[in-house]
Structures are given as structure tokens and as C-alpha cells.
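Q: For reference, the structure I am asking about is given below.
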Amino acid sequence: MLMNLVKKEIKELLTPSTVAVIVVITILFGSMGKLIGAAKDEAKKKPSIAVVIRDKGPLADRMRAFLRLKTILVYDGDSREKGFAALKKNDKGVALLIIEPGFEQALREGRPGLVHVEWIMRGAGLMDTISSGILEKTFQDLNKVISAHLLDSARAHGGIISAHVLNPTVKIENTTYKKKRIPALSPNKIAQVLVSQSIAIPVAVMLIIMLGGSMVITSMGLEKENKTLETLLTMPVPRSTIVLGKIMGSAAVGLFMAAFYMVGFKFYINSFEAGTVDLAMLGLDLTIFDYVLVGVSLFSSLLFGLSIAMLLGIMAKDYKSAQVLTYPIMGLAMIPMFLTMYRDFDTVAPAVKAVLFIIPFSHPMMAMRHLTLDNYLLVTLGIGYSLAVTAVLIAVIVKIFKTDKLITGIMRVNRRA
Amino acid sequence: MHLLEVSGLTKSYGKTTAVKSIDFHIPAGEIFGLIGPNGAGKTTTLRVISTLLSQSGGTVTVCGHRVDKEPHEVRKAISYLPEEAGVYKNLRGLEYLEFIAGFHGTRSERAKMVEDGISIAGLGDRIRDKVSTYSKGMTRRLVIARALMTRPSLAILDEPTSGLDVVNAHEVRNIIKRSVSEERAVLLSSHNMLEVDYLCDRIALVASGRIVEAGTPGGLKEKYGCTNIEEIFMRIMETESHADEPGQKRD
Ligand SMILES: Nc1ncnc2c1ncn2[C@@H]1O[C@H](COP(=O)(O)OP(=O)(O)OP(=O)(O)O)[C@@H](O)[C@H]1O
Ligand SMILES: [Mg+2]
């Protein structure tokens, strides 16, 4: 008796469409790891830096030797400008380290040694700051080398050993992020400040699209299950109006839910984002116009998501099959979600860039980051692209609405073929 | 001019041909009934006329508009009641009537439509309740009201009284009968032979996708020497089952 029921359930659930969906999702997730890139390799790599060590003496030599060992020196000379240029040219370059003359002298006299660091920040994704993180660790080790040197020479020359030997240097750092120079912060600190943009926004966008998408699909499934679709289709309205009506209705509800979600998330983020750094002070804040653009970007990609949902919804036979059909949308939204969380658009390989651009969901996920850097072109291109793809999709859907497919079902035709 | 003209209508689903070259026409003022066994092709025929399915062959013209060429014009002229029509569960009965009226006519016409709808549905105060609380018969009355309140030139009703109790079915039949006027007609399908006898000016018996007999109820009774349509139906089906291919599938 039980087996009889179980068999029936499995038969109902494992339709060709369900199986197809599962296969596609598996493939999507399988390929995603590759797209994000080998994070582990990167963590093991030596950071590329430029050094300008103008101080002369045994400590300078020791520091240089240490850095040779622990980093890849793309420049080692006397010119700050040339060093920075060399660093910029190398697309892996992380920072320029400058030690002015009198460094060792100051230390000997019990004053802190000044280490100037000019960081280059290439992206605000979780993985974009891995190399600067490694370099921070290297700088800590460099401090130990300096401490050791001071202790050695103190012992040899019988000098004084003061407490500052254990923490001998003071870092003076600036970060260049795209075209902006942000004083007194390292890339890691800036990334921490931007964490809400890196994580919250992709997650929020994905949720909005999933919510909206499942609403459209469910609505189509319910139209069939409740036998309301046939009546609707005989109403004297253009098919495009029916399609747009469904999409706009869900878009409105989706955005309404999104607004609530964003408010909640803002509180959540505020609660652990250290309030010490003000984005406006860094020149990383957004204007009202920027926010409107982000909204338009979100709306255009939501429209795309809803049209895809509509296309899938045509296949839905009832409420149950509608649930399964939301998975492809989720998969499609998760790709850019993870990619943009871990990487900036600028720092990924060209192939990944193409993938990101092609999936319209990426654009609202990246919009805020682009706009903090005044990159309006990518945002507007993204909006235009999403709207264009949506228009094509809607045309296709309207075409299908004019055929028998909605009534007879798509799967039935396949089964017969 | 006939309100509906169907000639050589053929419809296949993949390999199954559900309707095989059907011809009939309905002039204004007439109620035309399709009868026939399960899977005969009645619903398929009605769906093609209602622009829901595309025909595989033949032509269908409603009020001078071909269903394949000008579906939008056809939709303005018809009102289709599907055989198991449902209603959006979260709407109230009244809201549903307003929703449907929203697709038709001008603002003042719509108000009149809804008024008519309420009286056809005859649900009393329950019209303000959610549809999900309705019984099967109440839902059926609501969708019949929805179909007739728009005063379509051609009402296409697939088994309009199925699921209704004797009293309700009787009332609905009278409503259908009254809805026909000089410029309006009704096409319906039914499994109730007394109903078609009472309601229809002409009937066609469909079997395996073909019209095997057609005429006025009186004319047919005379022709077969029977006192009711059911007897005629049985007689024809008996001869058909010897002649026709076996195994029609139900959907
Ligand atoms: N979507 C479909 N796909 C394939 N075949 C179908 C489909 N719908 C109906 N059919 C087939 O077409 C034939 C006619 O079906 P139809 O629903 O028109 O019959 P009917 O006369 O309305 O029957 P009933 O009295 O049971 O309502 C049947 O053989 C049925 O199996
Ligand atoms: Mg039928």
C-alpha cells in the first residue's frame, strides 16, 4: 500500500521537465567554481610590489633581502613615480613601499620608523583583496625582521633596548581605488566598509528576482490548475496585454517586497558595520541620481527575470510543477551573485566578464560599485541590454501565447515527437 | 448571414485527429447543441471556435471574422464557457464579475453588465463572499453569469449545466433560452438529452470527430420514430460502433 503511494508520488514528481531542470542546475553549479577562479592558488601566491628604499645601511639591506624572498619585486629603485608606474602597469601589483633616508637612524634613536605604503586597490569583491591581505601579513613579518635587527645590533653595540623595538614602525598608507585616492586606509579596510555593497546587494537582487519569478510561474501554474486560463485567453485583449499584465503585476509586488527587504537589510548591516569610516569622506558615496540609476537597473533586470519566468511558466501544468520551474531562475541569478560577491567586474577574466554581462541579473548587483567609481557607461549599457533582451523575450512569449501550446501543453508535444 | 459558419473543420493533436472535417452553421436567434460520447471532439470543436486552438484544416467564421485571421474580432463577438471553468480563488464573486466586465464595453456598459451578472448568478449576498468558499454549483452559476452578462453575439457553452442540481439546472436553462435574441445565438454541448431537446433549435451528434447526424429535435424524432433524443443517440451509436475504428482516448 505504502509502496503504491510512493510510486505514484515519484511518478508525479519526476517528470521530464523536473529532470531537465535538475540536470541544468547541476551543470551550472559545476561550472561556477571555475568561473570564480582558483581562490586557493591566489592565496599561496607572492604579492607583487614595488619598493623605493632610499635609506642606506645594514637594516635597509636586510629589509630588501626579506622582501625579495617574500614578494615579487616589480620595481626596486629610487624613484617613487617610476615605482608607482611600474606597479600600475603590472596588473597584479599590490602596493608601493617607500622607506625614506634616516629610517634606521630614527629607530636607533627610539623614534618610530615611517613606512609609506601606496596601495593599489583593483576591486572590492571578497577575493579582490586577498593579495593585499597577504601583503599586510608580510608587512607584519617585516616588522619582526626589523625588531630582530634592532635587537641584534643593540646586543652587538651595547645600545639601549626600549619597548618600541617590538613595534618599531608606523605605517602611513593611502589607497588608490580606480581613479580615486583614498587617504589613510588600506584596501582591506575599504573593502570592509563596502561589505554591504559586496554581499548585501547581490543577495538582495537574487532574492527579489526569485520572489518575482516564482510569483509569475506560480500564477501561470495556478491559472492552469484552477482552470481560469481558458477564460482569460478568450477575453478580447491583445495577447501582449495579458503577458505584460502578468509581468507588471509581479514586478510591482516584487519591488514592494524588495523595499521591505532592503530596509531590513540596512538595519542588519548597520548593526555590524563599524561606523568609523564615512563613505562620503572617502568620496565613495552615491548621489540621489545614482540611487535612481541603481533602481532602474534593478527594475530592468527584474523585468528580464519575470519574462524568463513567464516563459518557464508556460510549461507549468499546475502549482507543483511551477515550484520546480523556479529553480532555473535561481541558478541563473546565483551565478552573478557569487561572481560579484567575490570579484569586481574589472578583475575577472574576459570570459567571465562576458558571462557576467550576458546574464542581466549581474547589472543591478554591480551597479552600486560601478557608480561609486563613477562608471556610468557600464550601468547604462547594462540597463539597455536588459531591456532589449526582455523585449525579445516578451515577443517570443506573445508568439507562444498565440499558439495552442498554452492549452495543449508543451511537454505533450515533445512526448509524441 | 450566419453568426457562425464552420466548414471542413479538422483538428489534430499530434497524431490523434480529434475533429475530422466538421460542417455546420448557426443563424442568429438559434440555440445549437452538440451531443456525442466522451472524447467525440465536442470540446475541441468549441475551443477552435473560441480561438483557443488553431484549426488544422477548414474554416471557421464568427460574425464574418475568421478565427485564424482575426481572432481579436472573434473574441469581441463571443463568450466562451469552458467545461470545467474555474475562478480566481482570492477574488469575491462580485470582484470576478467586475474583472471580466473590465475587458468589455464602456464604463457605464460595464456597470450594467455586472448588474446583469449578479442577477444571472442569483447568489444573493454570497456574491460578496470569496469564490473559494463557493460550492461547485455556485461557482458554475457565477461563470455562467460571467459568460452571459457580456451579451455576446455568440455564446459558446461547454456543458453549461454539468454539476448543477435539478432546480439550478432548470433555472440556468431558462436563462440561456432567454439570452437568445434576434441578433444573438448560442452554441452548447451537453450530455443531457432532455436538456438539448428542451433548449436547442437544432442539434448535431458528433462521434469520433465527425457529425454523424444533425437536425431539429422534432425532425430527428420523426425520422427515427423515437419519442426522445436519448433513444436516437443510442440507436446511432450502435450502428456507429460497428462501422468506426476502436479505442478513442480520453484526455
Ligand atoms: N490536449 C490534447 N492533446 C491530445 N489529445 C487531446 C487533447 N485534448 C483532447 N484530446 C483528444 O481529442 C479527442 C476529443 O476530445 P474532446 O475533449 O474534444 O472530446 P469531448 O467530445 O469534449 O469529450 P467529453 O464529452 O468527454 O468532454 C479525444 O480523443 C481526446 O483524447
Ligand atoms: Mg468535452
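Q: Is there a residue in region B:70-81 that is within 14 Å of ligand 2 (Cβ to nearest atom), within 12 Å of another protein chain (Cβ to nearest Cβ), under 24 Å from A:K399 (Cβ atoms) and not in a strand (DSSP E or B)?
A: Filtering region B:70-81 down to residues within 14 Å of ligand 2 (Cβ to nearest atom) leaves B:80-81.
From what is left, the residues that are within 12 Å of another protein chain (Cβ to nearest Cβ) are B:80-81.
Filter once more, keeping what is under 24 Å from A:K399 (Cβ atoms): B:80.
Now narrow it down to the ones that are not in a strand (DSSP E or B): none.
So far as region B:70-81 goes, no, none of its residues is within 14 Å of ligand 2 (Cβ to nearest atom), within 12 Å of another protein chain (Cβ to nearest Cβ), under 24 Å from A:K399 (Cβ atoms) and not in a strand (DSSP E or B).
Q: So which of B:G105, B:G58, B:G39, B:G8 is farther than 22 Å from B:R173 by Cβ, in contact (Cβ under 8 Å) with a residue 12 or more places away in the chain, away from chain A (no Cβ under 11 Å) and in a loop (DSSP other than H, G, I, E, B)? So that I can check it myself, show each step before the final result.
A: Details: B:G105 fails: away from chain A (no Cβ under 11 Å); B:G58 fails: in a loop (DSSP other than H, G, I, E, B); B:G8 fails: in a loop (DSSP other than H, G, I, E, B).
Unique residue meeting the criteria: B:G39.
Q: I'm told B:F32 meets every condition in (1) aromatic (F, W, Y); (2) part of a loop (DSSP other than H, G, I, E, B); (3) touching a Cys at 6+ places or on another chain (Cβ under 7 Å) except one. Can you identify the failing condition by its number?
A: (2)
Q: Consider B:L188 against the criteria (1) touching a helix residue (DSSP H, G or I) at 6+ places or on another chain (Cβ under 6 Å); (2) open to solvent by less than 10 Å² (accessible area, probe 1.4 Å): it satisfies all of them except one. Which criterion is unmet?
A: B:L188 satisfies every listed condition except (1).
Q: Something else: Please verify whether B:A121 is away from ligand 1 (no atom under 16 Å from the Cβ), more than 14 Å from every other protein chain (Cβ to nearest Cβ) and farther than 19 Å from B:I49 by Cα, treating the condition exactly as stated.
A: So B:A121 passes the test.
Q: Considering each of A:E118, A:E109, A:E100 in turn, give the residue that is modelled with pLDDT under 90 and not assigned by TED's automatic domain parsing to the domain that holds A:T340. Spell out the reasoning first.
A: On the way: A:E118 fails: modelled with pLDDT under 90; A:E100 fails: modelled with pLDDT under 90.
Exactly one of A:E118, A:E109, A:E100 is modelled with pLDDT under 90 and not assigned by TED's automatic domain parsing to the domain that holds A:T340, namely A:E109.
Q: What number of residues in region A:173-184 are more than 19 Å from A:D346 (Cβ to Cβ) and either at pLDDT 85 or above or open to solvent by less than 20 Å² (accessible area, probe 1.4 Å) (or both)? Explain how you work it out, then say what you get.
A: Initial filter on region A:173-184 (more than 19 Å from A:D346 (Cβ to Cβ)): A:173-174, A:183-184.
Next cut, either at pLDDT 85 or above or open to solvent by less than 20 Å² (accessible area, probe 1.4 Å) (or both) only: A:173-174.
Counting residues in region A:173-184 that are more than 19 Å from A:D346 (Cβ to Cβ) and either at pLDDT 85 or above or open to solvent by less than 20 Å² (accessible area, probe 1.4 Å) (or both) gives 2.
Q: So which residues in region B:61-96 are crowded, with 19+ Cβ neighbours inside 10 Å and within 15 Å of ligand 1 (Cβ to nearest atom)?
A: The answer is B:Y80, B:L81, B:P82, B:A85.
Q: Being in a helix (DSSP H, G or I), at pLDDT 90 or above and farther than 30 Å from B:H72 by Cα is the requirement here; does A:G331 meet it?
A: Working: in a helix (DSSP H, G or I): yes; at pLDDT 90 or above: no; farther than 30 Å from B:H72 by Cα: yes.
Taking the combined requirement at face value, the residue does not satisfy it.
Q: Would a scan of region A:216-224 turn up a residue that is open to solvent by less than 10 Å² (accessible area, probe 1.4 Å) and away from every other protein chain (no Cβ under 14 Å)? Before you say what the answer is, go through the steps one by one.
A: To start, the set of residues in region A:216-224 that are open to solvent by less than 10 Å² (accessible area, probe 1.4 Å) comprises A:216-217, A:220-221, A:223.
Filter once more, keeping what is away from every other protein chain (no Cβ under 14 Å): A:216-217.
So far as region A:216-224 goes, yes, one or more of its residues are open to solvent by less than 10 Å² (accessible area, probe 1.4 Å) and away from every other protein chain (no Cβ under 14 Å).
Q: I would also like to ask the following. Restricting to region B:11-29, and then to whatever is in contact with a helix residue (DSSP H, G or I) (Cβ under 9 Å, 6 or more places away or on another chain) and not in a strand (DSSP E or B), can you tell me which residue is nearest to ligand 2 (Cβ to nearest atom)?
A: Top of the filtered list is B:G14.
Q: Criterion first (facing chain A (nearest Cβ under 8 Å), within 16 Å of ligand 2 (Cβ to nearest atom) and of a type outside the set (A, V, I, L, M, F, W, C)) does B:S50 satisfy it?
A: On the way: facing chain A (nearest Cβ under 8 Å): yes; within 16 Å of ligand 2 (Cβ to nearest atom): yes; of a type outside the set (A, V, I, L, M, F, W, C): yes.
Against the criterion (facing chain A (nearest Cβ under 8 Å), within 16 Å of ligand 2 (Cβ to nearest atom) and of a type outside the set (A, V, I, L, M, F, W, C)), B:S50 qualifies.
Q: To continue, here is another question. Is one or more of the residues making up region B:7-18 away from ligand 1 (no atom under 16 Å from the Cβ), within 23 Å of B:S162 (Cα to Cα) and open to solvent by less than 30 Å² (accessible area, probe 1.4 Å)? Write out each step before concluding.
A: To start, the set of residues in region B:7-18 that are away from ligand 1 (no atom under 16 Å from the Cβ) comprises B:7-8.
Cutting the leftovers down to within 23 Å of B:S162 (Cα to Cα) gives us none.
So far as region B:7-18 goes, no, none of its residues is away from ligand 1 (no atom under 16 Å from the Cβ), within 23 Å of B:S162 (Cα to Cα) and open to solvent by less than 30 Å² (accessible area, probe 1.4 Å).
The values are calculated or read from the model by the stated rules, or taken from the named source; none is laboratory data. Since the structure is predicted, the reported quantities are computational estimates derived from the model, not experimental observations. Glycine gets a Cβ as well: all are built from the backbone with ideal geometry, and neighbour counts include every protein chain shown. All accessible areas refer to the heavy atoms of the entire protein, side chains included, with ligands and DNA or RNA removed. Shrake-Rupley method; radii C 1.70, N 1.55, O 1.52, S 1.80 Å.
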